[in-house]
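Report on the following structure.
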Amino acid sequence: MTTSQHKIGSGFGARSTAADVLRGIDLTGKLALVTGGYSGLGLETTRALAGAGARVVVPARRPAAAEEALTGIDGVEIDELDLADLDSVRAFAERFVASGRSIDIVITNAAVMACPETRVGPGWEAQFATNHLGHFALVNRLWPAIEPGGARVVSLSSGAHHRSPIRWDDLWFETGYDKWVAYGQAKTANALFAVQLDALGRDAGVRAFSVHPGGILTPLQRHLATEEMVAAGWIDEDGNPLNPSFKSPEQGAATQLWAATSPQLADAGGVYCEDCEIAEPAAADPSVRGGVRDWATDPEQAARLWRLSAELTGVDAFASTA
């Protein structure tokens, strides 16, 4: 399989910050939507986009918490959205589309990670349902606002996609739940979503990317016990970071902002990015970190996942062309 997964010499790297990648970029008059844009990487992403002149819409499961976190950042508006509830997704999208505005940037940043076994909706595994299906439904329902501006859509994946391809024979972990494998499957789905959305949307000028932001200590780790993070070598017993490869939130937000705004990617799309670069294919040796697995960029897998997701959510903006 030929691949577009090769570095382009962006000039940025793992330690680049949000401010670095947005330097010289004016987003005045642009509208961005950032799910989970009030916590962790999302908060830094919202702050940076607003600082560059964009109007930022932050759909939030906890609007009051979002209001508090975003106090003092100009150009931000908050609405209610629970990605685990497809009725909430539909209601938010209908409200936004009714406003008549178009969207220039979508960053699907919100996620749950390594949570205890949880079922949502009709018994769906929560990480796949929230991280993938919720965002799938959201972007498809917002398509009337995304298409006119030729938006960029950035899907937050993770290096955790290495843990699992799509488990076509047991999507919902009916034969035994593993929180990290479930997270890995969801992050693979996030990458495949960008592959197929780019294929479907590029003729309308819409491009999509997936991103591994890097290792960052944020509220995303809320489901992990301190003992587990100590055992993994992430933190010491007092909660201080130990892993030298971990990024600050400002560094962690950089790759998604680069993918959302960089003119270097004007003719690209459907690729998986890390460290403010297009990632290389992963090494055959699974002990070698970094890069992207074939199962997260395979166009046939992406098209199959899109069809399944449309069937599960009951929404597909491209139903006549997919």
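Among the residues of the range 144-156, is any buried (at least 24 other Cβ atoms within 10 Å of the Cβ), touching a helix residue (DSSP H, G or I) at 6+ places or on another chain (Cβ under 8 Å), in a helix (DSSP H, G or I) and aliphatic (A, V, I, L, M)?
yes
So, in the range 175-195, exactly how many residues are more than 11 Å from the chain's Cα centre (by Cα) and small (Gly, Ala, Ser)?
Here the count works out to 3.
Name the single residue that is modelled with the highest pLDDT among those in the range 307-322 being among the aliphatic types (A, V, I, L, M), closer than 14 Å to Gln196 by Cβ and part of a loop (DSSP other than H, G, I, E, B). Please lay out each step first, then the result.
First pass over the range 307-322, keeping only residues among the aliphatic types (A, V, I, L, M): 308, 310, 312, 315, 317, 319, 322.
Pick out the ones that are also closer than 14 Å to Gln196 by Cβ and you get 308, 310, 317, 319, 322.
So of that shortlist, the ones also part of a loop (DSSP other than H, G, I, E, B) come out as 317, 319, 322.
Working: Ala317: 97, Ala319: 93, Ala322: 43.
Among them, the one singled out is Ala317.
Only one of these conditions is not met by Leu200: (1) touching a helix residue (DSSP H, G or I) at 6+ places or on another chain (Cβ under 7 Å); (2) at pLDDT 95 or above. Which number is it?
Among (1) touching a helix residue (DSSP H, G or I) at 6+ places or on another chain (Cβ under 7 Å); (2) at pLDDT 95 or above, Leu200 violates only (1).
For the range 45-57, state whether one or more residues are over 18 Å from the mean Cα position of the chain (by Cα) and either farther than 25 Å from Trp258 by Cα or charged (D, E, K, R) (or both).
Quick first cut of the range 45-57, residues over 18 Å from the mean Cα position of the chain (by Cα) only: 50-55.
Checking which are either farther than 25 Å from Trp258 by Cα or charged (D, E, K, R) (or both) leaves us with 55.
Yes, that holds for at least one residue.
Kindly establish whether Gln127 is polar (S, T, N, Q) and in contact with a Pro (Cβ under 8 Å, 6 or more places away or on another chain).
No; evaluated as a whole, the condition is false for this residue.
For the range 1-33, how many residues meet the condition of being out of contact with any Cys (no Cβ under 9 Å at 6 or more places or on another chain), within 27 Å of Ala199 (Cβ to Cβ) and of a type outside the set (S, T, N, Q)? Reasoning before the result, please.
To start, the set of residues in the range 1-33 that are out of contact with any Cys (no Cβ under 9 Å at 6 or more places or on another chain) comprises 1-9, 15, 17-19, 22-33.
Now drop any that are not within 27 Å of Ala199 (Cβ to Cβ), which leaves 1-9, 25, 27, 30-33.
The next check asks that each one be of a type outside the set (S, T, N, Q); those that pass are 1, 6-9, 25, 27, 30-33.
Summing the residues that are out of contact with any Cys (no Cβ under 9 Å at 6 or more places or on another chain), within 27 Å of Ala199 (Cβ to Cβ) and of a type outside the set (S, T, N, Q) in the range 1-33 gives 11.
Do you know which of the residues in the range 160-202 that are in contact with an Asp or Glu (Cβ under 7 Å, 6 or more places away or on another chain) and of a type in the set (Phe, Trp, Tyr) is farthest from Arg304 (Cα to Cα)?
Among residues in the range 160-202 that are in contact with an Asp or Glu (Cβ under 7 Å, 6 or more places away or on another chain) and of a type in the set (Phe, Trp, Tyr), the one farthest from Arg304 (Cα to Cα) is Tyr177.
Considering only the range 308-317, I want to know if a residue exists there that is within 28 Å of Gly215 (Cβ to Cβ), of a type outside the set (A, V, I, L, M) and loosely packed, with under 15 Cβ neighbours inside 10 Å.
No - not one qualifying residue is present in the range 308-317.
Could you check the range 114-140 and list, in sequence order, the residues that are under 28 Å from Leu22 (Cα atoms) and of a type outside the set (S, T, N, Q)?
His132, His135, Phe136, Leu138, Val139
Quick one: which helices (runs of 4 or more DSSP H) lie wholly within the range 14-123 and hold at least 3 residues that are free of Cβ contacts under 8 Å to residues at least 12 places away in the same chain?
Numbers: elements: 18-22, 40-51, 63-69, 86-98.
Helices (runs of 4 or more DSSP H) meeting the threshold: 63-69, 86-98.
Tell me, please, whether a residue that is among the hydrophobic types (A, V, I, L, M, F, W, C), more than 16 Å from His135 (Cβ to Cβ) and touching a strand residue (DSSP E or B) at 6+ places or on another chain (Cβ under 8 Å) can be found in the range 185-205.
So far as the range 185-205 goes, no, none of its residues is among the hydrophobic types (A, V, I, L, M, F, W, C), more than 16 Å from His135 (Cβ to Cβ) and touching a strand residue (DSSP E or B) at 6+ places or on another chain (Cβ under 8 Å).
Filter the range 28-56 down to the residues that are surrounded by fewer than 24 Cβ atoms within 10 Å (Cβ to Cβ), touching a Gly at 6+ places or on another chain (Cβ under 9 Å) and among the aliphatic types (A, V, I, L, M) and list them by number.
Leu31, Leu43, Ala50
Please state which of the following conditions Gly214 fails to meet, knowing it meets all the rest: (1) assigned to a helix (DSSP H, G or I); (2) modelled with pLDDT under 95.
(1)
Taking the range 75-117, which residues are of a type in the set (Val, Ile, Thr) and modelled with pLDDT of 95 or more? Let's see the steps before the verdict.
Taking the range 75-117 as the starting set, the residues that turn out to be of a type in the set (Val, Ile, Thr) are 76, 78, 89, 97, 103, 105-108, 112.
The answer is Val76, Ile78, Val89, Val97, Ile103, Ile105, Val106, Ile107, Thr108.
Which residue, of Thr45, Thr2, is β-branched (Val, Ile, Thr) and either touching a helix residue (DSSP H, G or I) at 6+ places or on another chain (Cβ under 9 Å) or under 30 Å from Glu80 (Cβ atoms) (or both)?
Among Thr45, Thr2, only Thr45 is β-branched (Val, Ile, Thr) and either touching a helix residue (DSSP H, G or I) at 6+ places or on another chain (Cβ under 9 Å) or under 30 Å from Glu80 (Cβ atoms) (or both).
The values are calculated or read from the model by the stated rules, or taken from the named source; none is laboratory data. All of these numbers come straight from a predicted model, not from anything done at the bench. Cβ: placed from backbone, ideal geometry, glycine included. Neighbour counts: every protein chain shown.
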